[in-house]
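Here the structure is laid out as structure tokens; the discussion comes afterwards.
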Amino acid sequence: MAVGGAIGAQIIAHVDPSPFKLLLAVLVFLYLGSRQLWLLNLSFVIRYAALSMLGFGLLAGFLAGTTNAMVPILIIYALELGLPQSAMVQVFNLCFLAGKLAQIIVFTGVGLFGLSEAVSTLPYALAAVVALVAGMCIREWTSTDSYRRLVRVMLFVLALIRVLQFFSPNASGGKDSGVDARDF
């Protein structure tokens, strides 16, 4: 996860992030439609657990570094493994921490992240903590099947947002690096 995040952050420090946002959306839509359309067979996730963990970790880290959205890939991985709700949340939180730390280290090294960016991201960090607590409460009140359906709906919404971002007139945000403090 951290290695993929560092690679993605190095790339995004120099290129427009928009194509990576579209890539993420396409991957999510492909996954969501795979069972109905038989497009994608992810049975290897359980058969080759160590290799799939490495692959999904690198991909999630890469997408975290380029799009700031690793959770959709981690959700796909967790759903295919059949992880229980509590394990999903723990995995997502640890991966998020590893990915963000790698991204901050790389961005600090290339001069794209400093004290002013850290301060400007505090409201977003607070919102993330509130969302985390809300998610933990929802998890406790729902059955495993309901939770998985909710997660799939959230995946669809996240992918749709990424597509809309890609096709919006300000897709690149007008920045040379494509990096904005709000992305943290």
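Each value in this text was obtained by applying a stated rule to the coordinates, not by laboratory testing. All values reported here derive from a predicted model rather than from experimental measurement. FYI the Cβ positions are ideal-geometry reconstructions off the backbone, even for glycines, and counts take in every protein chain you see.
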- Message: Per DSSP helix of 4 or more residues, -39500 (n - 2.57); summed, then divided by the residues of the chain. What does that give at 222 nm, rounded to the nearest 500?
- Response: -25000 deg cm²/dmol
- Task: Give the order of 95, 137 when sorted by the count of other beta carbons within 10 angstrom, beginning with the fewest.
- Result: 137, 95
- Item | Debye log10 I(q)/I(0) at q = 0.13, 0.15, 0.18, 0.22 Å⁻¹ for the range 101-151, Cα point scatterers | -0.52, -0.61, -0.70, -0.80
- Task: Take the Cα atoms of the chain, find their three principal axes, and give me the spread along each one in whole Å, biggest first.
- Result: 43, 34, 33
- Note on the structure: For the range 2-169, the charge dipole (Cβ of Lys, Arg +1; Cβ of Asp, Glu -1; about the Cα centre) points to a positive end, and the Cα of 99, 144, 134 closest to that extreme belongs to 144
- Can you put 147, 48, 77 in order of Cβ neighbours within 10 angstrom, beginning with the fewest? 48, 147, 77
- Query: Among 121, 63, 26, whose Cα sits farthest toward the positive end of the charge dipole of the chain (+1 at Cβ of Lys/Arg, -1 at Cβ of Asp/Glu, about the Cα centre)?
  - Reply: 26
- Message: How tilted is helix 18-37 with respect to the longest principal axis of the chain? Cα atoms for both, answer in degrees (0 to 90, nearest 10).
- Response: 10 degrees
- In degrees, nearest 10, the alpha-carbon axis of helix 144-167 is tilted away from the dominant principal axis of the alpha carbons of the chain by 40 degrees
- Query: Between residue 158 and residue 138, what length comes free when the chain is fully extended (0.36 nm per residue of separation minus the Cα-Cα distance, one decimal in nm)?
  - Reply: 5.4 nm
- Message: Taking the 0 to 90 degree range and rounding to the nearest ten, how far is the long axis of helix 122-141 tilted relative to the main principal axis of the chain, both from C-alpha atoms?
- Response: 10 degrees
- Message: Is there a quick way to get the dipole size of the range 2-169? I mean about its Cα centre, with the Cβ of Lys and Arg at +1 and of Asp and Glu at -1; what is the value in debye to the nearest 20?
- Response: 320 debye
